[in-house]
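Peer 1: Provided herewith is a single structure, encoded as structure tokens, for subsequent inquiry.
All of the numbers you see were taken from the coordinates with simple rules; none came from a lab. None of the values given here were measured: they were computed from a predicted structure. Don't worry about glycine lacking a Cβ; one is built from the backbone with ideal geometry, like all the others, and counts go over all protein chains shown.
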Amino acid sequence: MITVTSVEAQSRFGELIDRSQREPIEMTRRGRVVAYVVSGHDMRELADVRQRREEAAQWFADYRRQVAALPVADAPALSDADVDALVHELR
């Protein structure tokens, strides 16, 4: 990943867009990271990961509500294999 200042990015914008197809570009202003330029493909992948994370969080919240409604003696115990299977199912 290359790093450029915001001033460099303004003067080399076309080049940075082309370069972002190969690798993300980190932009800084006054020494602090303020933005990234990524390809459309990379952005779609990030959006997909975010969507899957939200779905997993919703599933877990639903599961917790279901388990909380059960008497303690009836609550199912998850083994490591169960957790592993759930994680792989969401991938």
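Peer 1: Which of the residues spanning region 15-33 are more than 14 Å from I2 (Cα to Cα) and surrounded by 11 or more Cβ atoms within 10 Å (Cβ to Cβ)?
Peer 2: Across region 15-33, the qualifying residue is only R29.
Peer 1: Now, a different point. Quick one: count up the residues across region 25-84 that are among the β-branched types (V, I, T) and in a helix (DSSP H, G or I).
Peer 2: So the count comes out to 4.
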